[in-house]
Amino acid sequence: MSHPPGDARQVPHSSKACRRLFGPVDSEQLRLDCDALMASCVQEARRRWNFDFVTETPLEGNFAWERVLGLGLPKLYLSPGPCGGRDDTGGGRRPSPSTALLQGIVAQEDHVDLSLSCTLVPRSSEPPEESPGAPGTSQSRKRRQTSMTDFYHSKRRLVFCKRKP
Amino acid sequence: MELLCCEVDPVRRAVPDRSLLDDRVLQNLLTIEERYLPQCSYFKCVQKDIQPYMRRMVATWMLEVCEEQKCEEEVFPLAMNYLDRFLAGVPTPKTHLQLLGAVCMFLASKLKETIPLTAEKLCIYTDNSIKPQELLEWELVVLGKLKWNLAAVTPHDFIEHILRKLPQQREKLPLIRKHTQTFIALCATDFKFAMYPPSMIATGSVGAAICGLQQDEEVSSLTCDALTELLAKITNTDVDCLKACQEQIEAVLLNSLQQFRQEQRDGSKSEDELDQATTPTDVRDINL
């Protein structure tokens, strides 16, 4: 467990602030509640974005999802792998259901340039605007994702483009 | 050859950016601040296990940790904002409350500090009743429930906007600022301020700070009433609401001081309990 160099903020020995407030904590209960709440977050996000974040599959809904090539994002933002920016525990976190899945997938590493973008499908027939957040996407993005699901499995990072109101 | 050795503060701070103090910024803050308020008075409508005094306990603990770790002033009120917003949506057993407090400090510290609090350190402060791994898992839960919406407006965002508009002697400002920050921390420990707009808490705290200091020395050329009217104009607050808010802040301070003195007199109390007084250390220095 490394503290950043120059960290003058060690916990003083016998600090009175070190105390438990509400008795013993049931780790098992914490884990169960954590999983239940994460599942509800995932469900909420799934409804909100019509996208299954666990299997990384687009669903029917207001947003049209499509693959984006070559965003030039640093790898840090793409992979939750071993060197991902989480050094404050010294590693060893229990993978939650979705990260477990993602880690297995990201291990392939060969698709790190790929990303997903989504656009709100306009209710009128007018085509969606080209978004500056997703260079290289074509105008004809609407509903194309159904034929491209194979690629979605390689990605976790989502780029939410500008939504049309 | 002469060598010069300078010991610098290990924490690097950006110098204040004057362009962030113009009126456009203030107006934007006032427009968006309500978005970050908790959605309901959760003791009535969401929580079954958690009582108001438990929120005060966890808030006092969080404030102690933030002070001991010399966190930036905004970290504590911001962490309380996260805690209140989470509790307004998720029924939570009281045994999870300290973990949540730690998670909220973890997040607020990451957002506001150059050297954030580490997960290990926070776990030590819970007397190792939680593990770093649990803290990180719950961090994701809290982030999800807050919809990753972390850049909440806090009363601190308004302090400089308000102070620069007061006809104030420059040399009194640091003291006024310090007392204002203490009042803001005090408000964050008390649930009745949780649903107040941050601008009102900031304005009321500046008012309470100046009026309080005024009793000992001349810090402002204005009378308290004139000051309140000016303050109300600055943040577009209703004068009567502001007066009521300021009075509440002063009452909370008085209450905290009495409680502190009571506990000091009470010889039978152990030192441990004494330290759990709901008064932030700085407030104890304020002379009424």
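Here residue B:128 fulfils each of the conditions (1) surrounded by fewer than 18 Cβ atoms within 10 Å (Cβ to Cβ); (2) part of a helix (DSSP H, G or I); (3) among the polar types (S, T, N, Q) apart from (2). Which count do you get for residues in region A:41-54 that are surrounded by 14 or more Cβ atoms within 10 Å (Cβ to Cβ) and out of contact with any Ser or Thr (no Cβ under 8 Å at 6 or more places or on another chain)? So the answer is 6.
Results for (1) surrounded by 16 or more Cβ atoms within 10 Å (Cβ to Cβ); (2) modelled with pLDDT of 95 or more; (3) within 14 Å of another protein chain (Cβ to nearest Cβ); (4) in contact with a strand residue (DSSP E or B) (Cβ under 7 Å, 6 or more places away or on another chain), shown as yes or no for each residue.
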{"position": "B:132", "(1), (2), (3), (4)": "yes, yes, yes, no"}
{"position": "B:144", "(1), (2), (3), (4)": "yes, no, yes, no"}
{"position": "B:152", "(1), (2), (3), (4)": "yes, yes, no, no"}
{"position": "B:156", "(1), (2), (3), (4)": "yes, yes, no, no"}
{"position": "B:164", "(1), (2), (3), (4)": "no, no, no, no"}
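With respect to the conditions (1) out of contact with any helix residue (DSSP H, G or I) (no Cβ under 8 Å at 6 or more places or on another chain); (2) in a loop (DSSP other than H, G, I, E, B), residue B:171 falls short on a single one, namely (2).
Listed by position, the helices (runs of 4 or more DSSP H) enclosed by region B:7-101 that each have at least 1 residues that are within 14 Å of chain A (Cβ to nearest Cβ) and of a type in the set (Ser, Thr, Tyr) are B:52-68. Among the residues of this structure, residue B:174 does not count as one that is of a type outside the set (S, T, N, Q), surrounded by 23 or more Cβ atoms within 10 Å (Cβ to Cβ) and closer than 27 Å to residue B:24 by Cα. Evaluate the following for residue B:27: is it in contact (Cβ under 8 Å) with a residue 40 or more places away in the chain and of a type in the set (S, T, N, Q)? Taking the combined requirement at face value, the residue does not satisfy it. Tallying residues that are within 7 Å of another protein chain (Cβ to nearest Cβ) and surrounded by fewer than 19 Cβ atoms within 10 Å (Cβ to Cβ) within region B:102-119 yields 1. When region B:212-250 is filtered for residues that are free of Cβ contacts under 8 Å to residues at least 60 places away in the same chain, of a type in the set (A, V, I, L, M, F, W, C) and closer than 23 Å to residue B:74 by Cα, the ones remaining, listed by number, are B:213, B:232, B:242, B:245.
Being more than 21 Å from residue A:10 (Cα to Cα), touching a residue at least 12 places away in the same chain (Cβ under 8 Å) and either surrounded by 22 or more Cβ atoms within 10 Å (Cβ to Cβ) or of a type outside the set (Gly, Ala, Ser) (or both) is the requirement here; does residue B:39 meet it? The answer is yes for residue B:39.
Looking across region B:13-72, the residues that are of a type in the set (Ser, Thr, Tyr) and over 19 Å from residue B:123 (Cα atoms) come down to B:19, B:31, B:36, B:41, B:42, B:53. Filtering region B:104-127 for residues that are more than 18 Å from residue B:62 (Cβ to Cβ) and touching a residue at least 24 places away in the same chain (Cβ under 8 Å) leaves a non-empty set. The residues of region B:200-235 that are surrounded by 13 or more Cβ atoms within 10 Å (Cβ to Cβ) and not in a helix (DSSP H, G or I), listed by number, are B:219, B:220, B:222, B:235.
The values are calculated or read from the model by the stated rules, or taken from the named source; none is laboratory data. Not measured: the values here are computed from a predicted model. So basically every Cβ, Gly included, is an ideal-geometry build from the backbone, and we count neighbours across all protein chains shown.
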